[in-house]
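**Q** One structure, as structure tokens, below. Some questions next.
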Amino acid sequence: MEPKITLYENKNFRGRSQEITESCPNLLDFGFNNITSSVKCDRGVWILYKRKNYEGKIFVIQEGDVYNKLSKYFNNRASSVKLICDYDFTEEPECIVYENNFSGRSLTFIDDVENLKWYKFDNRMSSIVVKSGAWVGYRYPNYDGEQSLFLKGKYTASVKASDEGGFKNDRISSFSKIMVQPSPEGNMRLLQLDYDLDKANIVRTPTSVFSWTQVNNTSVEQTVTKTDEVTIQREDTYEFRWDRAAKVSSTMEASVGIPLVGETEVSISAEMSVSMGRSSGTRRSKTETWIAEYPSKIPRYSTVTMTSKLTQGNISIPFTAILCYGNDTERTITEKGVFYGCQFFDFHTDFNETKLP
């Protein structure tokens, strides 16, 4: 499979798009200068640059990355894009960061670091040794802000270009590793999915979906002439959001049960075919319809109010997935993420009658 990155004009992969399979020193050649808002990377490791000819601040994107909206400091600012060739991104990454120039307090990392403050190392890094793999350093926690790319080698704070390991002294707050899985035989498929029900976060929100009022200020009982029914329709949705470092194919289908929010507890649905790849995003699981019926009579000298309500249930729940490629069940991959679901239930209609003064 050849390297490929797709740029989109608008967030959420909307608007005009441009597939790119090789380095481009000037995105103006595609009519795409300074308009990229979202990105999908199918294959390879790429760098977006703020200026043409691969200059200026950078944004590193690796195979499997999906950004439905680029960070605020890079949105609509990409002017060139480079494919990083002739480098082994399949190595297990390892790096050592130092408080001084390869001396003083040091820490060794083999996985992403969301916030160096947790290690009392925030804004203290003066040098780094990349023993294997490749890393991206970020100015702020949570993988945000200006980036610096570190390939195998030794680096100290310098004014070098960001794609050559240049960074400001004591100005790195988070790290992410770059690692691309070797291309195996067969498509990725799901073997097992486990939800951590004990860590489920559930919000149930009663919502008014229809209201109607009729006043009868006469001495005679009124017959309601409105005979049509009111149809209430809502879509249940789901999304499997993988951890940032998870190596999951951009498109993957599986047959699984999904968590359902009830009035008092969480249940798991019967197995259904779902999209759970990195680029799947929010999907509709089903559309439900409810009918609200009007009252037939309005008593004399009274006001009748009809209110129909639904409860919206939102759930987020961590999951662990065991995956494999093709039929090779001997070599499995374990990845984690969070399931997000939205369902509607408990439809009911209340009638309230009040006497007129």
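Throughout, read-outs are computed from the coordinates displayed, never taken from laboratory work. All values derive from a computational prediction rather than experimental measurement. FYI the Cβ positions are ideal-geometry reconstructions off the backbone, even for glycines, and counts take in every protein chain you see.
**Q** Can you spot the lysines whose alpha carbon is less than 19 Å from LYS4's alpha carbon? Ignore those fewer than 8 places along the same chain.
**A** Those lysines meeting the cut-off are LYS40, LYS69, LYS82, LYS247.
**Q** Can I ask one more? Distance between the C-alpha centers of region 125-189 and region 1-61? Whole Å please.
**A** Measuring centre to centre over Cα atoms gives 19 Å.
**Q** Moving to a separate point now. Rounded to whole Å and ordered largest first, report the semi-axes of the equivalent ellipsoid of the chain derived from its Cα gyration tensor (root of 5λ). Intermediate values should be presented prior to the final figure.
**A** Values: eigenvalues 549, 109, 91 Å².
Sorted largest first and rounded, they come to 52, 23, 21 Å.
**Q** Along each principal axis of its Cα atoms, how long is region 113-253 end to end? Whole angstroms, biggest number first, please.
**A** Taking max minus min along each principal axis of the Cα atoms, region 113-253 gives 92, 42, 32 Å.
**Q** Got a sec to turn the phi values of region 194-204 into Karplus ³J(HN,Hα) couplings, 6.51 cos²θ - 1.76 cosθ + 1.60 with θ = phi - 60°, whole Hz, x for Gly and Pro?
**A** Those phi angles translate into 10, 9, 8, 4, 5, 10, 5, 10, 10, 10, 10 Hz.
**Q** Note down the nm distance, to one decimal, between modelled labels 7 Å out along Cα→Cβ at MET272 and at ASN314.
**A** 2.0
**Q** Same structure again: Go through region 342-357 residue by residue and turn each phi into a ³J(HN,Hα) via Karplus (6.51, -1.76, 1.60, θ = phi - 60°); whole Hz please, and just put x for glycine and proline.
**A** Once rounded to whole Hz, the list reads 9, 9, 10, 7, 6, 6, 7, 10, 9, 10, 10, 10, 10, 7, 6, x.
**Q** Taking the alpha carbon gyration tensor of region 262-339, what are the square roots of 5 times its eigenvalues, largest first, to the nearest whole Å? Could you put the intermediate results ahead of the total?
**A** Working: eigenvalues 445, 34, 23 Å².
Here the semi-axes work out to 47, 13, 11 Å.
**Q** So what does log10 I(q)/I(0) come out to for region 18-100 at q = 0.17, 0.21 Å⁻¹, using the Debye formula with one equal point on every Cα and no solvent?
**A** -0.70, -0.98
**Q** Could you count how many Lys pairs in region 126-203 have their Cα atoms under 28 Å apart, skipping same-chain pairs fewer than 8 positions apart?
**A** Here the count comes out as 14.
**Q** Counting just the Cα atoms, what span does region 31-173 cover along each of its three principal axes? Round to the nearest Å and put the largest first.
**A** Dimensions of region 31-173 along the principal axes of its Cα atoms: 49, 28, 26 Å.
**Q** Tell me which residues come under 5 Å, amide H to amide H, from ASP122 once H is placed; ignore anything under 5 positions away on its chain.
**A** Here LYS117 satisfy the definition.
**Q** Would you pull out the residues with amide H under 5 Å of VAL209's amide H, same chain only if 5 or more places away, H placed 1.01 Å from N?
**A** SER308, LYS309, LEU310
**Q** Can you give the Rg and Dmax of region 94-178 based on its C-alpha atoms, in angstrom?
**A** For region 94-178, the Cα-based Rg and Dmax read 10.8, 28 Å.
**Q** Right, here's the next one. Once the piece of chain linking THR289 and SER132 is laid out straight, how much longer is it, given 0.36 nm per residue of separation minus the C-alpha distance between them? Could the numbers behind the result be given before it?
**A** Values: separation 157, 0.36 × 157 = 56.52 nm, distance 5.55 nm.
Between THR289 and SER132, full extension yields an extra 51.0 nm.
**Q** Report the percentage of all Cα-Cα pairs in region 146-214 whose separation exceeds 21 Å, rounded to a whole percent. It would help to have the intermediate numbers written out before the result.
**A** Details: 1529 of 2346 pairs.
Tail of P(r) above 21 Å: 65 percent of Cα pairs.
**Q** What trypsin sites (Lys or Arg not before Pro) does region 73-120 have in DSSP loop regions with at most 13 other beta carbons within 10 Å? Walk me through the numbers on the way to the answer.
**A** Numbers: sites: ARG77, LYS82, ARG105, LYS117, LYS120; in loops: ARG77, ARG105, LYS120.
Within region 73-120, the qualifying trypsin sites (Lys or Arg not before Pro) (loop, at most 13 other Cβ atoms within 10 Å) are ARG105, LYS120.
**Q** For region 215-357, treating each Cα as an identical point scatterer without solvent, what Debye log10 I(q)/I(0) comes out at q = 0.10, 0.12, 0.14 1/Å?
**A** Taking Cα atoms of region 215-357 as identical point scatterers yields -0.54, -0.65, -0.77.
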